[in-house]
Amino acid sequence: MSTVAEQANPVHVRSLRKRYGPVNAVEEVDLDVRSGEVFALLGPNGAGKTTTVEILVGVRRRTSGDVRVLGRDPAEDAPEWRARIGVVPQTTGAYTDLTVREVVEHFAAFYPAPLPVAEVIDMVGLGKQARKQTQALSGGQARRLDVAVGVVGDPDLIFLDEPTTGLDPVARREAWDLVRYFADRGKTTVLTTHYLDEVEALAQRAAVIVGGRVVESGPVAELGGRRATPAAVSFTRTDGLATSLPALPGDAVVEEAEGLVVVRTHHPTEAMAALLPWAAASGVRELPDLRIHRPSLEEIYLDLIRSNQEGGVV
């Protein structure tokens, strides 16, 4: 049973299911998105991310489950509720014979208290294209216009469905700055993306969806037990190094093959503090190929997908 605090979250989902005939596109999804955070939805193509977002923004009806977005059932699609939601969909919109400014002004008119149009256009990096017709925009510029349309209403809750797809690296970073701008204003953002560097740069928490189910949810730094996974301190042994290693942290596990030494431990700093004077005593000032490696979000994410797909989730 959910608590009052959980129900007060901008997004509160329990046992969400969407069925198409015999196929469950989304099955028993539970989600809580907290006020003011950037929350990432991760998963492979076809996992159910976009379907989930479409249900949350009220454009697709769920088969069953309890869903509350800003305290309302999105299926009701009330006008005052809709004005508090900003949506940047996955596909780029087409605005025939209109300039960038005209498009943003058109959508701003739908909201009771929109942001200044010129400010939004500048925020998404289209200031120089404000008078350009939208057909003349590049793919990346058209994507920026989608973002402008999605946020011009100054929403309390923003849904960004793969917002930086097709953008060059500079434009991607500008889009990140826009997400941070709204976070600084206390807005809540739900972000779906395939870019894991984007998740690490922007999101506080995330959920991984595989086969229509949430298989992991929590702080980005802790997904898949990431924080509890030991680090690997590795180096190549040279002839000058003593055969026996120094005293290492109590949890250390040492592997050595073909001259490569790997020390796995939850205390890599302590391990380094022992290894460096040990090497210096042998006359080795620099340990060759010295590296400290912690599992990346990409490694954890791929392991989660692999293990759940192999485990029979469809």
*Can you tell which of A148, A183 is of a type in the set (A, V, I, L, M), outside any loop (DSSP other than H, G, I, E, B) and touching a Phe, Trp or Tyr at 6+ places or on another chain (Cβ under 9 Å)?*
A148
_Close pairs from segment 269-290: first in contact (Cβ under 8 Å) with a residue 60 or more places away in the chain and closer than 14 Å to P246 by Cα, partner among the acidic types (D, E) and surrounded by fewer than 18 Cβ atoms within 10 Å (Cβ to Cβ), Cβ under 9 Å, at least 6 apart_ = none
*Boolean, V210 is β-branched (V, I, T) and open to solvent by 10 Å² or more (accessible area, probe 1.4 Å)*: no
_One residue from A118, A75, A94, A109 being open to solvent by less than 70 Å² (accessible area, probe 1.4 Å) and either among the polar types (S, T, N, Q) or out of contact with any Lys or Arg (no Cβ under 7 Å at 6 or more places or on another chain) (or both)_ = A118
*asked:* If E80 meets every condition in (1) of a type outside the set (K, R); (2) surrounded by fewer than 19 Cβ atoms within 10 Å (Cβ to Cβ); (3) in contact (Cβ under 8 Å) with a residue 24 or more places away in the chain apart from one, which number is that one?
replied: (3)
*Pick from segment 217-235 the residues that are within 14 Å of the chain's Cα centre (by Cα) and at pLDDT below 90: which of them is least open to solvent (accessible area, probe 1.4 Å)?*
L223
*Only residues in segment 192-220 that are outside the structural domain of T50 (by the TED database) count as the first member; pair them with residues that are open to solvent by 30 Å² or more (accessible area, probe 1.4 Å), Cβ under 8 angstrom, at least 6 apart or cross-chain, and list the lot.*
none
*Among the residues of segment 154-180, which ones are assigned to a helix (DSSP H, G or I), more than 22 Å from A118 (Cβ to Cβ) and either modelled with pLDDT of 90 or more or touching an Asp or Glu at 6+ places or on another chain (Cβ under 9 Å) (or both)?*
R172
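The values are calculated or read from the model by the stated rules, or taken from the named source; none is laboratory data. Remember, it's a predicted structure, so these values are computed and weren't measured experimentally. Virtual Cβ from ideal backbone geometry, glycine too; neighbours counted across all protein chains shown. Accessible surface is based on the protein model in full, side chains and every heavy atom, while ligands, DNA and RNA are left aside. Shrake-Rupley method; radii C 1.70, N 1.55, O 1.52, S 1.80 Å.
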